1. Mind listing whichever residues of the stretch 209-241 are touching a strand residue (DSSP E or B) at 6+ places or on another chain (Cβ under 8 Å) and free of Cβ contacts under 8 Å to residues at least 40 places away in the same chain?
2. Could you identify the single residue in I356, I337 that is of a type outside the set (K, R), in contact (Cβ under 8 Å) with a residue 60 or more places away in the chain and within 13 Å of I35 (Cα to Cα)?
3. Of all residues in the stretch 113-140 being farther than 21 Å from R192 by Cα and either in contact with a Ser or Thr (Cβ under 7 Å, 6 or more places away or on another chain) or hydrophobic (A, V, I, L, M, F, W, C) (or both), which is surrounded by the most Cβ atoms within 10 Å (Cβ to Cβ)?
4. Out of (1) modelled with pLDDT of 95 or more; (2) part of a loop (DSSP other than H, G, I, E, B); (3) touching a Pro at 6+ places or on another chain (Cβ under 7 Å), the odd one out for Q190 is which?
5. Kindly provide the set of residues from the stretch 347-366 that are at pLDDT 95 or above and polar (S, T, N, Q), ordered by number.
6. Quick one: would you say L176 is closer than 20 Å to G82 by Cβ, under 18 Å from the mean Cα position of the chain (by Cα) and in a loop (DSSP other than H, G, I, E, B)?
7. Go through the residues of the stretch 161-180 one by one and say whether even a single one is within 16 Å of Y111 (Cα to Cα), β-branched (V, I, T) and buried (at least 18 other Cβ atoms within 10 Å of the Cβ).
Amino acid sequence: MIRTAFVVVAVIGASFTSGSAYAQVNIEQIVAQKIQPILPKGGGGGVAVAVRMDGNTSFFNYGMADNAQNRQVTTDSIFNLGSVGKVFATTLLAQAVKQGELGLDDPVAKYVTELQRGGDIRRITLGQLASHTSGLPDVPGQYEHWHRGKYTWPDFVRFLNSWKADPKHEPGKQYLYSDTAMVLLRIALQRRFNTPFAALMHQRLTGPLGMTSTALPLPRDLLGRAVQGYGSTGRPIGRPGMEGGTFQWPGSGQIYSSSRDMATFLVANLGELSDHRPIENAMALAQQPVFTVGPRFKLGLAWQNVPAGNFTIIDKNGGLPNTSTYIGFAPQRKLGIVILVNRGKQHATGIGRQIIHALAQDQSEPSSEGEPNPDNE
C-alpha cells in the first residue's frame with residue numbers, strides 16, 4: 001500500500017525573520033491542504049513540490065517515486081516534464097533574440113532550409129511557433145490521417161511541406177496548441193547554432209544555472225533517480241526515463257528534471273538570481289504576452305498569462321498518460337510553485353493556481369484559462 005503520508009520538507013534561502021518563519025508555517029499548511037486531491041489514494045505515484053516565497057525555497061515531497069523499488073519521492077527525484085519542457089526552447093529563442101542572433105519574425109524556413117520547397121510553411125515565423133499561433137496541428141496525424149506510426153525526420157519534412165493553411169489554421173491569427181510547432185522550433189534553433197538541441201540547452205541555459213539533473217534524454221548516471229510513471233489509476237506505464245511521443249529522431253523527446261532544478265529555473269524566472277542577468281532578461285522577454293486569446297488569457301513564448309485578482313500568474317503545464325506537471329509564478333508577489341506528479345491525468349494546474357492564490361492571500365477564484373482537462377490528455 002502506498003505511503004501517501006510520507007512528507008519531507010526542506011527550506012533553502014535567506015535567514016528567517018519572524019515574519020518569514022510565519023510565512024513558512026503557512027506554506028506547509030497550504031501545500032498540505034491543497035495538494036490532497038492529487039495525492040495517490042492507491043496504486044503508484046507521488047508528488048514533488050517546490051515553493052518560492054519571501055526569498056526562500058521550500059520543498060515538499062509525498063508518496064513514492066517507484067513502488068516496486070520502494071523508492072520515495074525526494075527533491076532530487078527526476079520527473080518527465082511533459083509540455084513544461086517547452087519553456088526551455090522558448091527561453092533559448094528569447095535569449096537568441098536578446099543577443100541579436102535571430103528574430104521572432106524570422107521565417108522558420110530561413111533556418112530549416114528543407115522547408116523552402118514547401119508552401120504555406122514558408123509563411124510561419126519563429127515567434128508563431130513559440131506562441132502556438134503557427135496554425136500547425138498539435139500532431140501531424142491530425143492533418144495526415146492516413147499516416148501510421150511515429151514520424152521520422154523525412155516524414156516530418158514531407159508533412160510540413162505539404163501542409164496547407166485554411167481559415168481555422170492561419171499563421172498568426174489564432175491560438176492552436178501545437179507540439180508540432182515546438183518540435184520544429186527545436187530544429188530551427190539547432191540549425192541556427194549548428195548544435196544539437198540538448199547540447200544547446202545545456203550550454204546556454206541549464207549548465208550556467210547549475211541544473212545538473214535536467215537533460216534530454218536522461219544519461220545513464222541520472223536514470224537511477226528517474227521516477228516510475230503511472231497512469232491515473234496507479235498502473236505503471238513505461239520505464240523510468242523513457243522517451244516517448246510522436247517524433248522519432250534525437251532531441252525530439254521529453255525533457256526530464258527534478259524539483260530542485262526546476263526551483264532554480266523558477267527563481268531565475270522571478271528575476272532573483274543577480275549573477276545571471278542575461279538569462280533572466282531572456283526569460284522576461286519569453287514571459288511577455290505576444291498574442292491575446294481573450295480578455296483573461298494571453299500567450300507569451302509558451303508561457304500562459306492569466307489574471308489573478310490584483311496580480312498576474314504566468315504559468316505552463318504539462319501532461320502525459322504517466323506524468324502531470326506545472327510551473328507558475330506571480331512576478332508582482334515574488335512567489336511561485338513547481339508541481340511534479342509521476343501519475344497521469346492529475347489537476348496540477350488547478351492545484352498550482354489555488355496554492356498561488358492562497359500564498360498571496362487572494363480570495364478571488366483562480367482562472368481556469370489554459371488549464372487542460374486531464375481526462376482528455
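1. Here is the first cut: in the stretch 209-241, the ones touching a strand residue (DSSP E or B) at 6+ places or on another chain (Cβ under 8 Å) are 211, 213-218, 222, 225-232, 234, 236-237, 240-241.
Residue satisfying the conditions is P217 alone.
2. I337
3. Among those that are farther than 21 Å from R192 by Cα and either in contact with a Ser or Thr (Cβ under 7 Å, 6 or more places away or on another chain) or hydrophobic (A, V, I, L, M, F, W, C) (or both), it is L136.
4. If we test Q190 against (1) modelled with pLDDT of 95 or more; (2) part of a loop (DSSP other than H, G, I, E, B); (3) touching a Pro at 6+ places or on another chain (Cβ under 7 Å), just (2) comes out false.
5. T349, Q354
6. On the way: closer than 20 Å to G82 by Cβ: yes; under 18 Å from the mean Cα position of the chain (by Cα): yes; in a loop (DSSP other than H, G, I, E, B): yes.
For L176, the condition - closer than 20 Å to G82 by Cβ, under 18 Å from the mean Cα position of the chain (by Cα) and in a loop (DSSP other than H, G, I, E, B) - is met.
7. Residues of the stretch 161-180 that are within 16 Å of Y111 (Cα to Cα), as a first pass: 161.
Right, trim to β-branched (V, I, T) and you get none.
Looking through the stretch 161-180, none of the residues is within 16 Å of Y111 (Cα to Cα), β-branched (V, I, T) and buried (at least 18 other Cβ atoms within 10 Å of the Cβ).
Condition check ((1) in contact with a helix residue (DSSP H, G or I) (Cβ under 6 Å, 6 or more places away or on another chain); (2) farther than 29 Å from N269 by Cα; (3) not assigned by TED's automatic domain parsing to the domain that holds L205) across all residues:
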position	(1), (2), (3)
N70	no, yes, no
V73	no, no, no
Q95	yes, no, yes
Q99	no, no, yes
D106	yes, no, yes
K110	no, yes, yes
L115	yes, yes, yes
I121	yes, yes, yes
G127	no, no, yes
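The values are calculated or read from the model by the stated rules, or taken from the named source; none is laboratory data. These figures come from a predicted structure and were not determined experimentally. Heads up, the Cβs are rebuilt from the backbone with ideal geometry, glycines too, and the neighbour counts pull from every protein chain shown.
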